[in-house]
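The values are calculated or read from the model by the stated rules, or taken from the named source; none is laboratory data. The structure displayed is predicted, hence computed values, not measured ones. Positions of Cβ are backbone-derived with ideal geometry, glycine not excepted, and every protein chain shown enters the neighbour counts.
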Amino acid sequence: MKDSAIAPVQRVSSVDAYRGFVMFLMMAEVLRLEQISEAFPDSGFWSFLAFHQSHVPWVGCSLHDLIQPSFSFLVGVALPYSIASRASREQSTSLMWYHTIRRSLILILLGIFLRSMHAGQTNFTFEDTLTQIGLGYPFLFALAFTTERIQWTALGAILFLYFLAFALYPLPGPGFDWAETGTTADWEHNLRGFAAHWNKNTNFAWNFDRWFMNLFPREKTFRYNGGGYSTLSFIPTLGTMILGLVAGKWLKSAVSATWFIKRCIIAASILFVFALILNFAGINPIVKRIWTPAWTLFSGGWCFLLLAAFYYIVDVKANSSKFLFLLVIGTNSIAAYILAHTIDSFIDQSFRIHLSPHYDLIFGEGLRSLVSGTVILFFEWWILYWMYKKKLFIKI
């Protein structure tokens with residue numbers, strides 16, 4: 001693609017490749033690189049890979065931490081194209097809203113279903129990627145019909161009010177029962193001073209969930225989420241989707257490839273500066289698990305850079321054929337998400353039954369998860385490739 005006007009398209013290969021990349025990172029959890037790193041404690045190579053396949057304990061960021069914000073960001077990027085496609089089929093606004101509400105409900109219910117697969121009863125939980133997107137999607141759809149100025153204003157209001165809710169929530173006092181949080185007062189990742197308002201399971205969102213989560217049938221009373229995740233993270237996640245919405249409008253209306261890439265780089269730079277100032281000044285830490293406003297800005301910066309990079313490599317340089325591996329996953333992301341949460345153990349057990357109970361020991365004990373994980377990934381990708389060739393795409 002040359003540096004010229006970009007014709008409107010219904011699918012942009014770079015967006016699918018970027019989506020395929022982050023979905024592959026999620027699917028690749030079956031490689032269990034942390035186990036391999038533990039088997040080879042002196043290897044910096046495996047330690048590096050293991051770190052980037054894990055979420056950081058609290059403050060900071062790894063590559064794995066960018067999966068959910070990227071997926072959420074790309075929902076926003078795709079929305080202007082989706083609306084244009086529906087408008088071209090002369091769908092009314094009412095019908096579009098019907099599809100929006102339906103999609104939102106399906107995402108929420110699908111997220112709950114996948115989290116309940118190995119539970120004794122329905123696990124009503126709302127911190128999953130799909131449920132978080134589903135909760136915010138109707139608001140994103142409404143904002144898609146507004147001006148860019150209103151979208152940026154909405155983003156600022158969302159992040160400021162979310163910041164305020166945490167900042168005004170009282171810190172643990174002398175008689176605070178830390179057993180109710182799943183953590184301790186001397187946990188090494190606890191923040192001090194004003195930043196302590198965003199500590200694990202002692203914050204505003206945690207307190208909300210102690211009420212909200214117990215409105216649903218549960219085996220036992222909800223006290224805390226072990227990872228510190230919360231339902232209300234869907235609010236700043238909406239902020240991430242708004243950033244994607246802005247990027248999608250830029251991409252769809254870009255007058256040239258250079259114009260779009262420059263805008264993404266400038267946006268990323270501004271977001272990084274604000275996020276890092278907030279973090280290092282102790283005003284608001286960069287924490288993915290509770291999706292702090294600083295995290296929204298920081299991860300959003302990475303999303304803009306990654307979108308620009310994929311756009312340049314895949315579309316501008318016309319390399320889409322070289323990214324078939326990622327396109328197969330990215331064009332069927334919901335199917336990939338479901339496969340990754342449902343059939344991994346089935347594939348592994350099938351190999352143990354029909355090939356060898358110890359097929360994954362071919363390279364020794366330390367690399368067994370690499371072998372079994374590669375087998376699982378191969379068959380999941382093969383299923384997606386078969387669907388790709390047959391043009392079978394799961395859409396919500």
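Tell me, which residue of the range 293-326 that is of a type in the set (S, T, N, Q) and touching a Ser or Thr at 6+ places or on another chain (Cβ under 9 Å) is surrounded by the most Cβ atoms within 10 Å (Cβ to Cβ)? For the range 293-326, the residue satisfying everything is T296.
List pairs: first in the range 266-292 and farther than 23 Å from H64 by Cβ, second of a type in the set (D, E, K, R) and surrounded by fewer than 21 Cβ atoms within 10 Å (Cβ to Cβ), Cβ under 8 Å, 6+ apart or cross-chain? Listed by first residue and then by second, the contacts come to nothing, as the list is empty. Out of I67, I106, one residue alone is of a type in the set (A, V, I, L, M, F, W, C), surrounded by 19 or more Cβ atoms within 10 Å (Cβ to Cβ), assigned to a helix (DSSP H, G or I) and modelled with pLDDT of 95 or more. It is I67.
Here S62 meets the list (1) part of a helix (DSSP H, G or I); (2) modelled with pLDDT of 95 or more almost entirely, failing just condition (1). Every listed requirement among (1) of a type in the set (A, V, I, L, M, F, W, C); (2) assigned to a loop (DSSP other than H, G, I, E, B); (3) at pLDDT 95 or above; (4) in contact with a helix residue (DSSP H, G or I) (Cβ under 6 Å, 6 or more places away or on another chain) is met by F379 save one, (2).
Looking across the range 93-131 at every residue that is touching a Lys or Arg at 6+ places or on another chain (Cβ under 7 Å) and free of Cβ contacts under 8 Å to residues at least 24 places away in the same chain, the one that is nearest to F216 (Cα to Cα) is identified as N123. Could you tell me how many of the residues in the range 145-178 are small (G, A, S), in a helix (DSSP H, G or I) and closer than 14 Å to H197 by Cα? Number of matching residues: 2. Taken together, the residues in the range 170-203 that are over 26 Å from the mean Cα position of the chain (by Cα), surrounded by 10 or more Cβ atoms within 10 Å (Cβ to Cβ) and of a type in the set (K, R) amount to 0. Scanning the range 194-202 for residues that are touching a Pro at 6+ places or on another chain (Cβ under 6 Å), assigned to a helix (DSSP H, G or I) and in contact (Cβ under 8 Å) with a residue 60 or more places away in the chain turns up at least one hit. Of the residues that make up the range 169-186, is at least one among the β-branched types (V, I, T) and in contact (Cβ under 8 Å) with a residue 12 or more places away in the chain? So far as the range 169-186 goes, yes, one or more of its residues are among the β-branched types (V, I, T) and in contact (Cβ under 8 Å) with a residue 12 or more places away in the chain.
Of the candidates I277, I270, I290, I283, the single residue that is β-branched (V, I, T) and within 21 Å of the chain's Cα centre (by Cα) is I290.
Conditions (1) touching an Asp or Glu at 6+ places or on another chain (Cβ under 7 Å); (2) in contact (Cβ under 8 Å) with a residue 24 or more places away in the chain; (3) in a helix (DSSP H, G or I), marked per residue:
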| site | (1), (2), (3) |
| --- | --- |
| V30 | yes, yes, yes |
| S37 | no, no, yes |
| P41 | no, no, no |
| Q91 | no, no, no |
